[in-house]
1. Restricting attention to the stretch 12-40, report how many residues are part of a loop (DSSP other than H, G, I, E, B) and of a type in the set (G, A, S).
2. With the requirement that a residue be buried (at least 16 other Cβ atoms within 10 Å of the Cβ) and either under 20 Å from G59 (Cβ atoms) or touching a residue at least 24 places away in the same chain (Cβ under 8 Å) (or both), what does the stretch 19-34 give you?
3. For a quick check of your reading of the model, give me the residue pairs whose first member lies in the stretch 106-126 and is under 22 Å from S95 (Cα atoms), whose second is of a type in the set (F, W, Y) and at pLDDT below 85, with beta-carbon atoms closer than 8 Å and at least 6 apart or on different chains.
Amino acid sequence: MKELTKAEEQIMRYLWELDKAFLKDIVDQFPEPRPAYTTVQTVVRVLTQKGVIGYQTFGKTNQYYPIISRDEYFRKHFKGVVKNFFNGSVSNFASFFTDDDDLSLSELERMKKLIESKIDNLKKNDD
């Protein structure tokens with residue numbers, strides 16, 4: 001899947017929220033001042049060409065829907081970030097966050113519990 005621009009990601013976020021939407025519905029999601037209808041239309045056309053949204057035609061108008069889920073997009077995007085910025089190492093990625101002073105003790109403990117739970121599940125499946 002091709003990487004999305006910020007404008008494309010913004011429209012995808014709105015479409016994931018709406019599930020299905022006409023172009024006017026997508027434009028209405030933007031805060032004021034809203035982009036031009038034709039600008040959003042162009043980005044939506046690019047997203048259909050990239051194969052991340054589909055549409056159903058009703059007369060002369062299309063209703064758009066996401067083909068790729070938010071989770072699927074995030075996973076692929078996350079893997080690209082890890083590959084490009086952390087030499088493909090999830091450990092380096094985790095280390096980056098543990099060095100961040102903005103993380104609270106409770107956030108670190110929650111991350112630890114999630115990791116320990118995943119380790120326990122993997123051990124159970126190996127047995």
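The values are calculated or read from the model by the stated rules, or taken from the named source; none is laboratory data. Because the structure is predicted, anything quoted here is derived from the model rather than measured. So basically every Cβ, Gly included, is an ideal-geometry build from the backbone, and we count neighbours across all protein chains shown.
1. Residues meeting the conditions: 1.
2. A21, L23, I26, V27
3. Listed pairs, sorted by first residue: M111/F97.
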